[in-house]
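The values are calculated or read from the model by the stated rules, or taken from the named source; none is laboratory data. Keep in mind it's a predicted model, so treat the numbers as computed, not measured. Note that each Cβ is placed from the backbone with ideal geometry, even for glycine, and that neighbours are counted across all protein chains shown. Just the protein is used for accessible areas: all its heavy atoms, side chains included, with ligands, DNA and RNA removed. Shrake-Rupley method; radii C 1.70, N 1.55, O 1.52, S 1.80 Å.
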Amino acid sequence: MCYRTKLNKKIFSLEKSLDARFLEPDKYQPQLEINAFSFSETPVITYDSPGEIQMFQWGLIPFWAKDDTIKKMTLNSKIETAAEKPAFRNSVDNRCLVIAEAYYEWQWLDPKGKTKQKFILEPRDQEVFAFAGIFSTWKNPENNNIINSYSILTTEANDLMSKVHNNKKRMPVVLKPQDHKNWLQGSDLRNFALPYDVPLTATAID
């Protein structure tokens, strides 16, 4: 799964790497560790605005939700079943790039996970990269505020991630730069539903 990421780059560095511009640069705050359960806004690029970097909330709220409590369960979505699940099926064509420079995962050192080792995962050939994401636009019925939110898609773990995330053996879909356009333009989910072969470096940290 993927519940903690890192994005500590400066705005100009992100804009240069992604060939896009922040719509609301004042909203962006570099962070060494982003906790998904804070439901904070992080940078994304959507299929309908590929030249813009927007700030969307992590934790997808489907348009039909009566309140936002579902976001606790929609931080990630399995790519194999997203098109079938009520929370995600209306959003699978709403593609986005979720921007990061690394993510964190914990390796279980005993069968019940009482002792764990934290790892930071970084693509070897990308200083800034994108997770495959889907998004939704929701209107809060209490105050009519509009919230744009997203979920990071996950897939079966590759060899490295099977050793690191050894309890569930899942990993986020980390896109190669050449796949950004295909993802945003709606390439079949099945093209990404596999142990995705992006070279990663796993480093144990305190």
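Things worth noting here:
- The length gained by stretching the chain between Lys27 and Glu84 to full extension, at 0.36 nm per residue less their Cα-Cα distance, is 17.2 nm.
- Residue (of Met55, Ser38, Ala130) at the positive-pole extreme of region 35-151, dipole from beta-carbon charges: Ser38
- Database remark: amide H of Lys9 closer than 5 angstrom to the amide H of Gln31 (H placed geometrically; neighbours at sequence offset of 5 or more, or on other chains; Pro and chain starts carry no H).
- Annotation: for a label point projected 7 angstrom from Cα along Cα→Cβ of Gln117, residues of region 151-189 with backbone N closer than 15 Å are 160-167.
- Think of it as helices only: each DSSP H run of n ≥ 4 in the chain is worth -39500 (n - 2.57), and spread over all residues that comes to -2000 deg cm²/dmol at 222 nm.
- Accessible surface of the chain [probe 1.4 Å, protein heavy atoms]: carbon and sulfur percent: 46 percent
- Each residue of region 161-170 was assigned a 3J(HN,Hα) from its phi angle through the Karplus expression (A = 6.51, B = -1.76, C = 1.60, θ = phi - 60°), giving 6, 5, 7, 7, 8, 7, 8, 9, 6, 10 Hz with x at Gly and Pro.
- Normalised by the number of residues in the chain, the mean separation of alpha-carbon contacts (under 8 Å, six or more apart) gives a relative contact order of 23 percent.
- Once backbone amide H atoms are built at 1.01 Å from N, Val173 has Ala132, Leu153, Thr154, Thr155 as its partners under 5 Å, excluding neighbours fewer than 5 places away on the same chain.
- Potential lengthening between Asn166 and Ala202 on full extension [0.36 nm per residue; Cα-Cα distance subtracted]: 11.6 nm
- Scalar couplings 3J(HN,Hα) for region 45-57, obtained by applying the Karplus form with A = 6.51, B = -1.76, C = 1.60 to θ = phi - 60°, are 10, 9, 4, 8, 9, x, x, 10, 9, 10, 10, 10, 7 Hz; x denotes Gly and Pro.
- Taking label positions 7 Å along the Cα-Cβ direction at both Asp19 and Lys181, the computed distance is 0.8 nm, reported to one decimal.
- A 1.4 Å probe over all protein chains sorts Glu105, Glu52, Glu84 by accessible area into Glu84, Glu52, Glu105, starting with the largest.
- Spatial separation of Cα centroids for region 141-193 and region 83-103, in angstrom: 6 Å
- A straight chain from Asp67 to Leu109 at 0.36 nm per residue would run longer than the Cα-Cα distance by 11.3 nm.
- Accessible area per residue in Å² at 1.4 Å probe, computed on the chain: 51 Å²
- Taken one residue at a time, the phi angles of region 30-37 give Karplus couplings (6.51, -1.76, 1.60, θ = phi - 60°) of x, 9, 6, 8, 9, 8, 4, 7 Hz. Gly and Pro are set to x.
- Cα-based equivalent ellipsoid, region 1-136: semi-axes from gyration tensor eigenvalues, Å: 24, 22, 13
- Shape call, region 49-206: gyration tensor on alpha carbons, a/c limit 1.5: prolate
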